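Engineer: Please see the structure below; I have some questions.
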Amino acid sequence: MAVSATRDQTTTSRNLFGKIGGLSWPWRITLGYLTIMLLLPVSALMLKASTENPINFWKIATSPIALATYDVTFVTSLIAALINGLFGFLIAWVLVRYDFPFKRIIDAAIDLPFALPTSVAGLTLATVYSDNGWIGSFLAPLGIKVAFTRLGVGMAMLFISLPFIVRTLQPVLQEMEKDIEEAAWSLGASQWQTFWRVVLPPLIPAMLTGIALGFSRAVGEYGSVVIVASNVPFKDLIASVLIIQRLEQYDYSGATVIGTVLLGISLLILLAINLLQAWGRRYDL
Amino acid sequence: MTSNLAGHSFNTVSPNSQPYKPAKEHAWVKFVLIGIALAYLLLILFIPAINVFAQAFKEGVGPFFHNLTEPNFLHAVKLTVFIALIVVPINTVFGLCAAWVIARHQFRGRTFLISLLDIPFAVSPVVAGLMIVLLYGRNGWFGPLLGAANIKIIFALPAMVLASAFITLPFVAREVIPVLEEAGSEQEEAARTLGAKDIQIFWRVTLPNIRWGLLYGVILTNARVMGEFGAVSVVSGNIAGETQTLPLFVEEAYKQYQTQASFSAAVLLAGLAFVTLVLKEILERKTRIKDV
C-alpha cells in the first residue's frame with residue numbers, strides 16, 4: 001500500500017495482463033504463485049457463495065445466531081480498537097517524548113503480540129483473568145468476570161491489536177515538527193490548546209489508520225479468542241468460531257455464507273486502510 | 001511512512017533522537033502519563049507474558065522437562081518444524097520475485113498487485129482455512145479429482161502447508177520492497193553494462209543490498225508459520241500425534257485440563273517469540289546503521 005513509485009525504473013510501462021508469455025521468471029513465479037495460492041482459494045469461496053440461492057444466503061447471513069456473532073465480533077473489535085487508540089496513542093507519546101528506565105526494552109516488547117502465537121496468548125490471558133488468576137482474582141470479588149465472557153473476548157482483542165496502533169503512530173509523532181508547538185507556546189497557547197489545535201490534527205490520519213489496522217486484526221482474530229471465551233452462542237461466540245462450528249457439522253453452506261460476510265468486511269476494511277494511508281501521505285508533503 | 005497490515009515493517013523510532021523537553025510542561029504531567037502507559041502495558045501485555053513462564057515452572061523444572069518428553073508433544077514439535085522447513089523457502093522465493101516485480105517495474109495494475117499481496121493479512125485465518133477446504137475438501141472443487149487419485153490433502157500435511165503458506169505469503173515481499181526501492185537500481189544497471197549476467201547481478205549486487213530486510217522477512221515468516229493456529233486448525237483435523245502442530249497442542253492440552261503440559265509447550269512457543277523479537281531488534285539496528 002505504502003509503496004510509492006520509485007524514481008528510477010529499469011523497465012518502463014508494462015501491462016500486467018498484456019504479455020504473460022514473454023515474461024521473465026520472477027514474473028511467472030509471482031503471477032503463478034499468486035494465482036494458485038491466493039486467487040484460486042478466494043474465488044472458490046466466492047463462487048461457492050454465489051451458487052447459494054440469494055434468499056437462502058440472506059437467511060443464513062442474518063439468522064439470529066449469525067447476527068449475535070457479528071455483534072460480538074465487530075462491536076467488541078471496534079471497542080477494543082478505540083480503547084487501544086487512546087492508550088496506544090499515550091504509549092507512543094510517552095515512548096517518543098520522554099526518557100525513563102527500561103524504555104528500550106519496553107519499546108521492543110510492544111511487538112510481543114506479533115510474535116507470540118495466538119494460542120499461547122489465549123492460554124495465558126484465560127489463566128491470568130480467570131477467577132483465581134493473577135488479575136482475575138482481584139476482579140472476581142467486584143463481580144467482574146473476564147475469562148469465558150465477552151469481556152475476555154475484548155481482552156484478547158486488546159492484546160493482539162495494541163502494537164498496530166502504537167507502531168503506526170510512533171514514526172509520525174517522531175517526525176512531527178517541534179517548532180510549531182514551540183511557536184504555539186510562545187504565542188501564549190496553553191498546554192491543552194497546543195495539544196488540541198496543533199499536535200492532534202496532523203496525527204488524525206495515522207491514528208485512524210492504526211485504529212483500522214487494529215480493528216481489522218481483531219475482527220479476524222481466532223486463536224486467542226477461542227481459548228479465552230466460552231464460545232456460547234448469543235453470549236461470546238465470534239464469527240470465526242461459528243464458521244468452524246458449521247464446518248464441524250458438515251454445514252458447508254452455513255460456513256461459506258458466514259465466511260463470505262467476514263471476507264467481504266475484511267476487504268472493505270483493507271480498502272478503508274488504503275484510503276486512510278493515501279490521505280496520511282498527503283499530510284507528509 | 002511505511003506501514004502495513006502485518007504491522008511488522010513500521011519505521012521504528014531512531015534511538016539516537018533526544019527526547020524533547022518542552023518549555024512549559026509540568027513535571028507531574030510526564031510522570032502521570034508514563035505511569036498510565038506502563039500500567040496499561042502491565043495489565044494487557046507484561047503480566048500475561050510473565051504468567052506463561054510462571055505457570056510452566058510452577059512445580060519446578062522437573063515436571064516441565066517431563067512434559068517435554070511426551071510422544072505427542074515431540075511429534076507436534078517435529079511437525080511444526082517440518083512445515084516451516086517447507087513453507088519458509090517457498091515463500092522466500094516467491095517474496096523475492098514479487099518484490100523485484102513490484103519495486104523494479106511500472107505497469108498498469110501495480111497498485112492492484114500490491115493490494116492483492118495484502119489480502120492474507122486482512123483475511124481471518126479461519127476464512128483462509130475455509131477457502132482451502134472449499135478447494136481441496138471432499139465436496140470441494142478438486143475433491144472428486146483428488147479422491148479418484150487417492151490423494152489426501154485436507155486433514156493431512158499438504159493442507160497444513162497450504163494454509164501456513166497462505167497466511168505468510170506477503171511477509172518477505174513486504175519487507176524486501178522498501179529496501180529494494182531504497183537501494184535503487186543504479187548499481188544493478190552498472191553491473192549490467194559491465195557485462196554481468198542476471199544471476200551474477202542478483203548474487204553480487206542485489207542480494208547484499210537487501211540481505212537484512214530479507215532476513216527479517218524470513219524470520220517473521222518462520223515465526224508466523226510456527227505459531228499459526230487458526231488456519232491450520234481448520235484444515236488439519238487436529239489428530240494428536242499425527243496432524244497436531246505445537247500451537248494446536250497448546251489448545252488441546254488446555255482443553256483436556258492438562259494445563260501443565262499446555263504451558264510447557266507454550267513456553268517453547270513464547271521462547272520462539274522472544275528470539276524473534278531479539279533478532280528483529282538486531283536487524284532493525286543493522287538497517288538503521290546502513291541508513292546513516
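Engineer: How many residues are in contact with a helix residue (DSSP H, G or I) (Cβ under 7 Å, 6 or more places away or on another chain) and surrounded by fewer than 21 Cβ atoms within 10 Å (Cβ to Cβ) if we restrict to the range B:74-83?
Structural biologist: Total satisfying the criteria: 1.
Engineer: Among residues belonging to the range B:192-221 that are among the aromatic types (Phe, Trp, Tyr) and within 30 Å of B:Ala273 (Cβ to Cβ), point out the one that is most open to solvent (accessible area, probe 1.4 Å).
Structural biologist: Restricting to residues being among the aromatic types (Phe, Trp, Tyr) and within 30 Å of B:Ala273 (Cβ to Cβ), the top hit is B:Trp212.
Engineer: Considering A:Thr73, A:Thr124, A:Thr69, which residue is assigned to a helix (DSSP H, G or I), open to solvent by less than 10 Å² (accessible area, probe 1.4 Å) and without any contact (Cβ under 8 Å) to a residue 60 or more places away in the chain?
Structural biologist: From the options A:Thr73, A:Thr124, A:Thr69, the qualifying one is A:Thr124.
Engineer: Here is a further query. Would you tally the residues in the range B:140-168 being on the phi > 0 side of the Ramachandran plot and either facing chain A (nearest Cβ under 7 Å) or in contact (Cβ under 8 Å) with a residue 12 or more places away in the chain (or both)?
Structural biologist: Residues meeting the conditions: 1.
Engineer: Could you grab me the full set of residues in the range B:28-60 that are more than 23 Å from the chain's Cα centre (by Cα) and β-branched (Val, Ile, Thr)?
Structural biologist: Those that are more than 23 Å from the chain's Cα centre (by Cα) and β-branched (Val, Ile, Thr): B:Val29, B:Val32, B:Ile34, B:Ile36, B:Ile47.
Engineer: Only one of these conditions is not met by A:Gln174: (1) open to solvent by 10 Å² or more (accessible area, probe 1.4 Å); (2) assigned to a helix (DSSP H, G or I); (3) farther than 30 Å from A:Pro201 by Cα. Which number is it?
Structural biologist: (3)
Engineer: With respect to A:Asp107, determine if the residue is more than 30 Å from A:Gly259 (Cα to Cα) and of a type in the set (D, E, K, R).
Structural biologist: yes
Engineer: Those residues that are surrounded by fewer than 17 Cβ atoms within 10 Å (Cβ to Cβ) and either in a helix (DSSP H, G or I) or within 13 Å of the chain's Cα centre (by Cα) (or both), I need them from the range A:47-66; list them, please.
Structural biologist: A:Leu47, A:Ser50, A:Thr51, A:Pro54, A:Ile55, A:Asn56, A:Trp58, A:Lys59, A:Pro64, A:Ile65
Engineer: Continuing with the same structure: Looking only at the range B:91-139, how many residues end up being more than 8 Å from chain A (Cβ to nearest Cβ), closer than 20 Å to B:Ile177 by Cβ and surrounded by fewer than 23 Cβ atoms within 10 Å (Cβ to Cβ)?
Structural biologist: Adding up the residues that qualify gives 2.
Engineer: OK, next. Among (1) at pLDDT 95 or above; (2) open to solvent by less than 20 Å² (accessible area, probe 1.4 Å), there is one condition A:Ala115 misses while meeting the rest; what is its number?
Structural biologist: (1)
Engineer: Also, I was wondering about something else. Inspect all residues belonging to the range B:166-176 and state whether any of them is among the hydroxyl-bearing types (Ser, Thr, Tyr), open to solvent by 40 Å² or more (accessible area, probe 1.4 Å) and either in a helix (DSSP H, G or I) or over 24 Å from A:Gln249 (Cα atoms) (or both).
Structural biologist: Taking every residue of the range B:166-176 in turn, none turns out to be among the hydroxyl-bearing types (Ser, Thr, Tyr), open to solvent by 40 Å² or more (accessible area, probe 1.4 Å) and either in a helix (DSSP H, G or I) or over 24 Å from A:Gln249 (Cα atoms) (or both).
The values are calculated or read from the model by the stated rules, or taken from the named source; none is laboratory data. On a predicted model such as this, the values are computed, not experimentally measured, just so you know. Reconstructed Cβ throughout: ideal geometry from the backbone, glycine too, with neighbour counts over all protein chains shown. Surface areas here come from the heavy atoms of the whole protein model, side chains and all, with no ligands, DNA or RNA. Shrake-Rupley method; radii C 1.70, N 1.55, O 1.52, S 1.80 Å.
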